Amino acid sequence: MSDTPIDSSKRNWLIATSCAGAVGGVATAVPFVSSFEPSEKAKAAGAPVEVDISALKEGEKITVEWRGKPVWILRRSKAEVEALAKHDGELADPESKRHPDEFTPPYARNEWRSIKPEILVVVGICPHLGCSPTDKFATGPQPSLPSDWAGGWLCPCHGSTFDLAGRVFKNKPSPDNLPVPPYMYLSDTRLLIGEDKKKA
């Protein structure tokens, strides 16, 4: 070990420059890591959006943005899924046959309009004039709704009503069901909105 005395001013200078270098390194790394996420411009242009649904409970809905539109993800109960078929006769397009390629991908052309019966994924915009319907999940009589209302959505602009599969009821202004966007499961708890084909 050397007996040479340590110059305290040099030691302080070394500590200060080391700290400044570390801070600069972190400041450089943060924007670099965030650059892996899609930019706002990319999201608006249609970049897929990954969504964690692990915390989504029965009866809960979350909203994410894709292509500047609200996408609703609703976890339905088993009873709600089973009840969907009961009012097919009251719906304008119960089997989603009208404009299927535009509004309902092949994997959602079923009674519940989704890949998994309990998880509904729809664009929350009324096909009539682009209004956003409001949640009316409570059942029974309510203003602007029938007395046997089974839950769904009401468009406050012109009165279109949709069931819990996003299907429009007859004699309403909306000409179509709520659109189902392209989507796929990355795992049991992660969805990718905006893409539905696995890369080779």
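Bear in mind these aren't lab numbers, they're just calculated from the coordinates by the rules spelled out. Predicted model only: the values in this text are computed from it and were never measured. FYI the Cβ positions are ideal-geometry reconstructions off the backbone, even for glycines, and counts take in every protein chain you see.
The amide H of TRP66, built 1.01 Å from its N in the peptide plane, has VAL71 as neighbours under 5 Å, considering only residues 5 or more places off or on other chains. The residues packed around PRO100, meaning those with a beta-carbon under 14 Å from its beta-carbon, carry a net charge of 0 if Lys and Arg are +1 and Asp and Glu are -1.
Starting from a Cα-only point model with no solvent, please compute log10 I(q)/I(0) by Debye for the stretch 41-193 at q = 0.16, 0.19 1/Å. Relative scattering, expressed as log10 I(q)/I(0), comes to -0.85, -1.22.
Normalising the Debye intensity of the stretch 153-200 to I(0), with uniform scatterers on Cα atoms only, and taking log10 at q = 0.13, 0.14, 0.20, 0.24 Å⁻¹ returns -0.45, -0.50, -0.72, -0.82. Restricting attention to the stretch 41-193, the count of lysine pairs at 8 or more positions apart or across chains with alpha carbons under 21 Å apart stands at 23.
Okay, which of the stretch 157-195 sit inside 20 Å, backbone N to the point 7 Å along the Cα-Cβ direction of GLN142? So the set is 157-174, 177-179.
Fully extended, how many nm does the chain gain between SER132 and ASP52 (0.36 nm per residue separation, minus their Cα-Cα distance)? Walk me through the numbers on the way to the answer.
Numbers: separation 80, 0.36 × 80 = 28.80 nm, distance 2.32 nm.
Result for the pair: 26.5 nm of gain on full extension.
Here the Karplus curve 6.51 cos²θ - 1.76 cosθ + 1.60, taken at θ = phi - 60°, turns the phi angles of the stretch 137-150 into couplings of 7, 5, 8, x, x, 8, x, 6, 10, x, 5, 9, 4, 9 Hz, with x standing for Gly and Pro.
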